[in-house]
1. What are the residues in the range 70-104 that are farther than 24 Å from Asn165 by Cβ and crowded, with 19+ Cβ neighbours inside 10 Å, if any?
2. Search the range 48-75 for residues being part of a helix (DSSP H, G or I) and free of Cβ contacts under 8 Å to residues at least 12 places away in the same chain, and hand back the single one that is farthest from Arg31 (Cα to Cα).
3. For the range 249-260, does any single residue satisfy the condition of being surrounded by fewer than 21 Cβ atoms within 10 Å (Cβ to Cβ), hydrophobic (A, V, I, L, M, F, W, C), outside any loop (DSSP other than H, G, I, E, B) and over 20 Å from the mean Cα position of the chain (by Cα)?
4. Among the listed residues Ser133, Ser139, Ser105, identify the single one that is in contact (Cβ under 8 Å) with a residue 40 or more places away in the chain, closer than 30 Å to Leu38 by Cα and touching a Ser or Thr at 6+ places or on another chain (Cβ under 6 Å).
5. Report, ordered by the first and then the second residue, all pairs with beta carbons closer than 7 Å, sequence separation of six or more or different chains, a first member in the range 189-206 that is in the same structural domain as Gly132 (by TED's automatic domain parsing), and a second member that is more than 9 Å from the ligand (Cβ to nearest atom) and modelled with pLDDT under 95.
6. Within the range 174-206, how many residues turn out to be buried (at least 17 other Cβ atoms within 10 Å of the Cβ), under 14 Å from Arg241 (Cα atoms) and among the aliphatic types (A, V, I, L, M)?
Amino acid sequence: MGRNPSGAYQDAAGLLAEIAGQLPENGFDDRRRDARLLLAMALGRDDAVLPHEDIVISDQERETLAVLIKRRQQGEPISRMRGWREFYSLDFKINAATLDPRPDSEVLVDAALHWLQDCDIPHPKLLDLGTGSGCLLLSCLAHHQTAVGLGVDIQPDAVAMAQDNADQLGLSDRAEFKTSRWDDAISGQFDLIISNPPYIPKAEILTLMDEVKTHDPMIALDGGDDGLDAWRQLAPVLARRLHPSGAVFVEIGAGQDDDIAALFQAEGLALVAKYPDLSGLNRCLQFSLT
Ligand SMILES: C[S@@+](CC[C@H](N)C(=O)[O-])C[C@H]1O[C@@H](n2cnc3c(N)ncnc32)[C@H](O)[C@@H]1O
């Protein structure tokens, strides 16, 4: 589609198709969706541009668009360019220290929220070990209004981002964040403990898409030689921090079910349930004290 003298398009469809045609096919998101978001960014908007929309694009915005397309061609995820990602229908800011929240992790939030609904604890206390952007803890707090929570991370810049997200979402009065190596800097017990620790085997990280290994912090991914380093560290932490009537929900890597269940069983934590993701893989495990 051509441009008329005022710089206006009849509708955005032609330009979107042009942008999509310049994008790589192997990203997280599909090319048409990426095109809608890149055009929106160039126009200074948060919401995606839809094909039927009338748009006006200035020469300066065209230059911005060209730079954005180049960054995307080089593998930078859209969420990293925007500095935020939607998770559980909430917006989370991300920075270089935080994992880019993944849709698969919503399985854990769903399972944890069901447990919270049924638990009969007036003000349940939550602990999120390895909180990153705070997306798991804050999604739980946003949907269970009487809960309070503590999120910890070994990276101070992740903790600052999680606190910022809590402020933005109006949850600071119920959420606290601390820099801590697992439970080193905390005390007490918790009704619900959630965690999505680093669990990818070292050798497998090399095979991941560039988008992941270049833009997500290694400390958020690297689970050591067999992917189980963090699980070995967490098993005793979970056992001492869990209230006797509480529950643990953890996100796991593909095929780790049995190894994790054995490590946790040795610390007195029994497997209660497995929750699959949309592809049918067990993505989240629930434990309680035996
Ligand atoms: C896979 S990311 C998960 C982040 C976030 N919870 C999410 O689901 O998007 C793992 C997080 O654990 C943190 N982490 C790694 N080792 C840690 C440790 N020993 N103590 C505390 N946090 C740790 C990383 O910094 C990272 O933020």
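The values are calculated or read from the model by the stated rules, or taken from the named source; none is laboratory data. Just so it is clear, the structure is predicted and the values come from calculations on it, not from any experiment. Glycine gets a Cβ as well: all are built from the backbone with ideal geometry, and neighbour counts include every protein chain shown.
1. Matches in the range 70-104: Arg72 only.
2. Selected residue: Gln60.
3. No, because not a single residue in the range 249-260 is surrounded by fewer than 21 Cβ atoms within 10 Å (Cβ to Cβ), hydrophobic (A, V, I, L, M, F, W, C), outside any loop (DSSP other than H, G, I, E, B) and over 20 Å from the mean Cα position of the chain (by Cα).
4. Values: Ser139 fails: touching a Ser or Thr at 6+ places or on another chain (Cβ under 6 Å); Ser105 fails: touching a Ser or Thr at 6+ places or on another chain (Cβ under 6 Å).
None of the other options fit; the residue is Ser133.
5. Short answer, once both residue conditions are applied: Ile205/Lys213.
6. Looking only at that region, the number is 3.
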